Structure formats: structure tokens, C-alpha cells
Amino acid sequence: MQRHTGRDMWDAEECQSPRMGSVILGVDGGASNTVCVCIPAAMPFNDPLPVLSRTVAGCSNHNSVGEDRARETLERVMSQALLKARRRRSNVCAVCLAVAGVNHPIDQQRMLDWLREIFPSHVKLFVENDAVAALASGTMGKLHGCVLIAGTGTIAYGFTSDGREARAAGAGPVLGDWGSGYGISAQAMTAVVRAYDGRGPETVLTNNILDFLGLASPDELIGWTYEDQSWARIADLLPVVVESAESGDEVANKILHNSVGELASSVKAVVQRLELGGEDGKHPFPLVMVGKVLEANKRWDIGKEVIDCVTKHYPGAYPIHPKEKILLTRGSKICAVYMAICLKST
């Protein structure tokens, strides 16, 4: 694949006649894909928010693909979004990156320093973990409550009304993102290998996964796995695991039941540390649910199972599923809402 330098990506803006008007760039970056939206800075704060352009690229989690590739992806979606909107960097008044893998103030500062090299000095810059923006998408910008993301990876993140915050999970697959699309799929592949070796029970996961991947034998699964260990590629097996569970396979059902427990425990850990439910657990707080793992299927609804588990201990939790259909994309909703709040607070 051809690699591009930052200079290459911005060359096109010198060749166009830009339209007038300041804009905001909002980026929602994860382990599966990265979405950038360009919205006008001068706009009424309502729903739906006007989107001038939208661009999509691959993974921008530096823990998954490395810092160079992650930055290349982020720079590509931002430059293309401005190109499609017929704007230049001089038109930008603010940029918000909500990116998976920003887990520490050091990560945040490195990203801010890099952005400052790209954009003019007048541009306001914001960098957050994507969970912060996901929470804002469900509460329309109010950073209070808890969010659970369960897509390729998983994280639970929470804020109190006075600004305290806490997180659980989100440490990546090596340290155990159990309950994520990657974690579920990896356990399913392990079950296939164990069954093939005679170390575990037979499971329909074997035929279903091999058919899905176009492989002839579990032996080939080993080569397939290690030729490209990108997290999103593994997580793409999630629908196969759910389908196998819905057909009655005990192994697949056990994997999903365990995942419910893992996801619920992440939420409960955050809620407990921040005392979001009050002393008796009945104090109301929003629980924002985001990600493909939490979407309902024919018989399995992992999201509902997680909510049921959490509300047994914290009945004050009320689930919110961001209404993606209100805007063009999940990315536009998360980033545009969060960007608007950031600008209004400065």
C-alpha cells in the first residue's frame, strides 16, 4: 500500500478555491474505522447538525497499528474532509479528536503537539478518548454518567457532575478486552482449536468459522490468524459467534454469557468507584450503550443482558442508546455534538 507523508496529503488544498466560513473538524477514531466530519462553526445548536462533509478510513488506534499508521489515517480523513467541504486549514477554528488508545495524559499531549504542527496557531485543539465523546453523544454533551463501548474493543468510562472520572477495561486484547468483539471472536477461535485437538467439546463454531473464512481445516486457522493480527479483522467473526449461539451451540452461548458478565463488571466497577448510584444504588444516572456487540440480534441481545445485570445492583441506571438515525452517522453525532459543547465551553 502506498504511504503518504503529511505534506502529500495537504497538497490538494493549495489547488482549490476555498469557500468562506469557519469550520470544525470532529474525528471519531477506533480500532475498526475512523470517521471525520466537517461542520460549520457558526450554526444553531440543534439536531440534526449540518454536516458539510464526511470521510472514512481505517484504524487509528495507535496501540493496534502503531503511531505512524494511526497518524497517517487521522491526517488523511481530516485533509479529505476539508477537501470535500472546499475548505482549507486556515478555515478551521477547532479540531476535536476522540480516539481509542488515548489512555494517559502523555498520549493526549503527544497528540496535541502533533496537531499543533499541522494546524495554524489560532485553531483550538481537543483530544479525548473516544469513550468521552461516546458519552457526550448519549447525554447531548453533558459529561455525567457512564458509557459502555463494546465494539472491536471495549471500555467503560464515567464522570460525576463535579468532574471526577474513572474507567475500566480498555487495555487492549493482550491485557484482556473480554466482552469486546475481538475478545468474543478470539475465544471462539480458541474453542475451535481446542475441539480440533481433543482438549475441548465439539462445537458448530468449527464449521461456521471455517466456512466464513473459506478455510478447509482448523490447521489453516492458525496461519490465517497470525498472517494479520489486526484487532478489527479478528472481531469481524462476531456475527458468526452470535449465529452459532442462536442455533443452540453450548460453547458459543457460554462465550456470550461470559462476555455479558465481563461487560457488566466493567460498568459496575466504574459506577462503584464514582458512586454514581448513591449509597443505595438507586440514584438515577445515564448508562450510554455504544457498539456493535451491544446491538440486538434474533435471539441474543447482549446489551439488554448487560443492562439487566447492572440494574440488579444499580436500579437507578437508565440506558441510553444514541439515536444514530437522527444524524448521518454515529461519527457525525458523537463528534459534532462533542465539538459544539467544547466550543460553547471556551
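The values are calculated or read from the model by the stated rules, or taken from the named source; none is laboratory data. Just so it is clear, the model here is predicted, and its values are computed rather than measured. All Cβ positions, glycine included, derive from the backbone under ideal geometry; neighbour counts span all protein chains shown. Ligands, DNA and RNA are stripped out before the accessible areas are found, and what is left, the full protein with its side chains, is counted by its heavy atoms. Shrake-Rupley method; radii C 1.70, N 1.55, O 1.52, S 1.80 Å.
Points to keep in mind about this one:
- The number of residues in segment 73-105 being closer than 30 Å to Ile234 by Cβ, out of contact with any strand residue (DSSP E or B) (no Cβ under 9 Å at 6 or more places or on another chain) and either touching a residue at least 24 places away in the same chain (Cβ under 8 Å) or assigned by TED's automatic domain parsing to the domain that holds Tyr157 (or both) comes to 1.
- The lone exception for Leu97 - which of (1) open to solvent by less than 10 Å² (accessible area, probe 1.4 Å); (2) over 15 Å from Asn33 (Cα atoms); (3) in a strand (DSSP E or B); (4) hydrophobic (A, V, I, L, M, F, W, C) it fails: (2)
- Residue in segment 305-318 that is under 19 Å from the mean Cα position of the chain (by Cα) and at pLDDT below 80 present: no
- Matching residues in segment 129-156 - criterion: being under 27 Å from Leu175 (Cα atoms) and of a type in the set (D, E, K, R): Asp130
- Among the criteria (1) surrounded by fewer than 24 Cβ atoms within 10 Å (Cβ to Cβ); (2) in the same structural domain as Val270 (by TED's automatic domain parsing), the one Arg116 does not fulfil is (2).
- Residue list for segment 242-285, restricted to those being surrounded by 14 or more Cβ atoms within 10 Å (Cβ to Cβ), more than 20 Å from the chain's Cα centre (by Cα) and polar (S, T, N, Q): Ser244, Asn253, Asn258, Gln272
- The set of residues in segment 156-214 that are hydroxyl-bearing (Ser, Thr, Tyr) and either part of a loop (DSSP other than H, G, I, E, B) or under 30 Å from Ser137 (Cα atoms) (or both) comprises Tyr157, Thr160, Ser161, Ser180, Tyr182, Ser185, Thr203.
- Residue in segment 220-238 that is of a type in the set (Ser, Thr, Tyr) and at pLDDT 95 or above present: no
- The single condition from (1) out of contact with any helix residue (DSSP H, G or I) (no Cβ under 9 Å at 6 or more places or on another chain); (2) surrounded by fewer than 19 Cβ atoms within 10 Å (Cβ to Cβ); (3) β-branched (Val, Ile, Thr) that Val77 fails is (2).
- Filter pass, Ile118 being at pLDDT 90 or above and either over 24 Å from the mean Cα position of the chain (by Cα) or of a type in the set (D, E, K, R) (or both): yes
- The number of residues in segment 13-44 that are in contact with a Lys or Arg (Cβ under 7 Å, 6 or more places away or on another chain) and modelled with pLDDT under 85 comes to 4.
So that you can scan it fast, the table gives a plain yes or no per residue for (1) touching a Gly at 6+ places or on another chain (Cβ under 8 Å); (2) closer than 27 Å to Ser60 by Cβ; (3) open to solvent by 60 Å² or more (accessible area, probe 1.4 Å); (4) outside the structural domain of Asn33 (by TED's automatic domain parsing):
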position	(1), (2), (3), (4)
Lys124	no, yes, yes, no
Gly170	yes, yes, no, yes
Gly181	yes, yes, no, yes
Asp197	no, no, yes, yes
Glu202	no, no, yes, yes
Leu210	no, no, no, yes
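- If you go through segment 100-113 and keep only what is in contact with an Asp or Glu (Cβ under 9 Å, 6 or more places away or on another chain) and surrounded by fewer than 19 Cβ atoms within 10 Å (Cβ to Cβ), you end up with Gln108, Arg110.
- Taken together, Glu165, Glu128 contain a single residue that is open to solvent by 20 Å² or more (accessible area, probe 1.4 Å), at pLDDT below 95 and more than 15 Å from Gly30 (Cα to Cα), which is Glu165.
- Residues (open to solvent by 30 Å² or more (accessible area, probe 1.4 Å) and under 20 Å from Lys268 (Cβ atoms)) located in segment 144-162: His144, Ser161
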